[in-house]
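For reference, the structure discussed in these notes is given below.
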Amino acid sequence: MSDQSNAKSPPKRSFLQSLEIDLRLLGMIGAFLAVCLVFNLLTDGRFLTPRNIFNLSIQTVSVAIMATGMVFVIVTRHIDLSVGALLATCTAVMGMMQTSWLPNILGLELGHPLIPWITIIAGLLIGALIGAAQGWLIGYHGIPAFIVTLGGLLIWRNVGWHLTDGATIGPLDKTFILFGGINGTLGATWSWIVGIAAAAISLFFIWSGRKTKIQHGFPVKPMWAEFTVMALITGAILGFVATLNAYTVPTRVIARNPALFSCESAEGCVAAYGIPYSVLVLIAVAIVMTVIALRTRLGRYIFATGGNPDAAELSGINTRFLTVKIFAMVGVLCALAGIIASARLGYHTNDIGTLDELRVIAAAVIGGTALSGGVGTIYGAIIGALIMQSLQSGMAMVGVDAPYQNIVVGAVLVLAVWIDIQYRKRLGGKS
Amino acid sequence: MSTPLVEMKNVSIAFGGVRAVDNVSIDLHAGEVVGLLGHNGAGKSTLIKMLSGAYKMDSGEIWIEGNKATINSPRDSRDYNIETIYQTLALADNLDAASNLFLGRELTTPFGFVDDSRMESETRKIMARLNPNFKKLKEPVSALSGGQRQSVAIARAVYFNAKILIMDEPTAALGVHETAMVAELIGELKKQGLGIFLISHDTREMMELCDRVAVMKNGQLIGSERVEDVTEDDILSMIILGKNPKAAA
């Protein structure tokens, strides 16, 4: 059991290697920044304004949340074509729940403070239930995920239609729509507090991670590299907060209700939107899903099953139940995305989430999730969703006609996967 | 004679109409190496997969240390301290050595999260014993050589204090030097009192490593003999003709 390659002295480490930043992450961020800069040039600086960055982030949330779940599905060599339709059924249930069922059947009057929370819990449960049922058909009965979720696409889209008779349901509850984006934000002060806390927590984790490594006698990166990474992360978090805080509430909005922004009158009142709640939800989802992927047995089993289903089973992993769990998770995320999507519109509409399944799959795949299974990251899927959304809204701002927009998005999808395959070939099978 | 570690009694399994294992009885004692020989498709791997929980037998019984055992899944088998090194190695190629070694039995922190640092340092320790040249702990096992992959699979079987070890073609992918290391390891484990089922095609190797050889053909057990009682030719004729010259004499 010899190993020639280790006989050589360790090669000199380049700047990037010392930082130990994933090259693929770097590539994706680079691609995202390139897209932003090009559109910024084409729109004479209108693309990278605080206002547009704010809009971009709230437009991305719904697809990005579902894409994090799609990563697990694709990693285990399945696919879920039903996410958009599932989202629609969930928002239909939640729409009916808050505007009709709870007031008319349970007798809670409209605007009752319990309505939004009961609605949200019901929505998440419905999502989990439908997802688990699809996972059960796939895991325990061996029906290919493609077929089950293709059926699901037709079924759930139209169950939603049936529940609402195809009507637009609204207006939605006042608390509920806070999750939509611009209607619910932290404001400047709290945004700074959250941003600084987030930066502090990240620094703490980097530091304690380094200490654990030293304890076990593993190599650590040089001090300067550690500090560079810390500075980059702190800069990114605080920069994002500063940008969102730079988007101030228009005077005409303040004029409607100055007290909301703690001002006597609209005149001379400056208020910033800050971080939208929906973005906080996405960040929370991203953290939870990343922890699941990297730090739990569940995540380990998901990736092991994707890498070699037989080996996973021989290791005593219950791969059937695992499939149920994964699809149930996606169901919950669809419901969560549905809360945000319908709250952003203020209504449940019959066509909500149409074609989202393709956007979600594309986001996961652009983010480096391999359809052959075993490989994928949560952050990649979120950046993938950001790239898709930037392309789409950027082209809309430039005034590209709708058909050309879709042509470009389609081409980018194929190109991204091609680049990823080339990258992996170069690294010789490494993921 | 002491209670056998493993006793498989009248075990059968069929796939479709094919009786892959047909009424086979075999036993294994502590500190003993039993070799299973036979042509491809003779039923060796299938027999062993019933013991390791990968297949469920149609009929028959398995007794472990004098108690009747129910093995319906790989997890059950592991609970009886049975460890298997599969011919395919059964490694998740996209994960690193430590994740593979502990797959299904991850070490966790008090909060229930997987403890990668501790698993990595445990992996370093056992690898230092099994394969001192093994350094690629961070790489997915797809980036490893055949021998290195094999040593990960062996480490996984040895680490968890197995009493019964099943090795399906453990040396098929290995070079001369590595094969010698595996032979040495088998001797060492035997001294520690493990019972080992060994599957191989190499009759000469089996004569050296095993205490007993059992020959299978077309799903049936032709015979099981102590190596000192038979010649290589006897075994070959059992494999090819499906007759036990000892029994005939």
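Roughly speaking, what is the centre-to-centre gap between the stretch A:353-401 and the stretch B:87-143 when only Cα atoms are used, to the nearest Å? Centre-to-centre (Cα) distance: 33 Å.
Relative to one another, the C-alpha centroids of the stretch A:257-315 and the stretch A:166-229 are positioned 8 Å apart. Taking other Cβ atoms within 10 Å as a rough exposure proxy, A:THR296, B:THR70, A:THR185 sort from fewest to most as B:THR70, A:THR296, A:THR185. Remark on B:GLY35: its backbone amide H falls under 5 Å from those of B:LEU198, B:ASP211, B:ARG212, B:VAL213, B:ALA214, a criterion applied only to residues 5 or more positions apart or on other chains, H modelled at 1.01 Å from N. Go ahead and run the numbers for FRET between A:ILE182 and A:ILE29, Cβ-Cβ distance against an R0 of 35 Å, rounding to 0.05. Efficiency for this residue pair is about 0.85.
Net charge around A:ASP356, counting only other residues with Cβ within less than 12 Å of its Cβ (Lys, Arg = +1; Asp, Glu = -1)? That works out to -1. Here the Karplus relation 6.51 cos²θ - 1.76 cosθ + 1.60, evaluated at θ = phi - 60°, turns the backbone of the stretch A:209-221 into coupling constants of x, 5, 5, 4, 4, 5, 3, 8, x, 8, x, 10, 6 Hz, with x for every Gly and Pro. Each residue, B:LYS135 and A:ARG320, gets one label point 7 Å from its Cα in the Cβ direction; the gap between the two is 4.6 nm.
Here B:ILE240, B:ILE186, A:ILE79 are placed in order of increasing Cβ neighbour count within 10 Å, fewest first, which gives B:ILE240, A:ILE79, B:ILE186. The fewest-to-most ranking of A:VAL365, A:VAL360 by surrounding Cβ atoms within 10 Å reads A:VAL365, A:VAL360.
Each listed q (0.16 Å⁻¹) maps to a log10 I(q)/I(0) for chain B, found by the Debye formula over equal Cα scatterers with no solvent: -1.20. Each Cα pair of chain A feeds into the Kirkwood radius, which the Stokes-Einstein equation turns, at 37 °C and 0.692 mPa s, into a diffusion coefficient of 141 µm²/s. Phi-derived couplings, Karplus 6.51 cos²θ - 1.76 cosθ + 1.60 at θ = phi - 60°, listed residue by residue for the stretch B:197-210: 9, 10, 10, 7, 9, 8, 4, 5, 4, 5, 4, 6, 8, 9 Hz, with x used for Gly and Pro. Helix content alone sets the calculated 222 nm mean residue ellipticity of the protein assembly as shown: runs of n ≥ 4 DSSP H residues at -39500 (n - 2.57) each, divided across all residues, give -18000 deg cm²/dmol. Residues whose amide H falls under 5 Å from that of A:VAL400, counting only those 5 or more places apart or on a different chain, are absent, with hydrogens built in the peptide plane. Close amide H contacts of B:ALA14 (hydrogens built in the peptide plane, cut-off under 5 Å, sequence separation of 5 or more or a different chain): B:ALA20, B:ASP58. In order along the stretch A:308-318, phi translates into HN-Hα couplings of 7, x, 5, 4, 4, 5, 5, 7, x, 7, 7 Hz, rounded to whole numbers, per the Karplus curve 6.51 cos²θ - 1.76 cosθ + 1.60 with θ = phi - 60° and x for Gly and Pro. Dipole of the stretch A:185-275 computed with +1 at Lys/Arg Cβ and -1 at Asp/Glu Cβ about the Cα centre; of A:PHE261, A:ALA236, A:ALA188, farthest Cα towards the positive end is A:ALA236.
Bear in mind that the values in this text are calculations on the coordinates, not laboratory data. Since the structure is predicted, the reported quantities are computational estimates derived from the model, not experimental observations. A quick note on method: Cβ atoms are made from the backbone with ideal geometry, for glycine too, and the neighbour counts reach across all protein chains shown.
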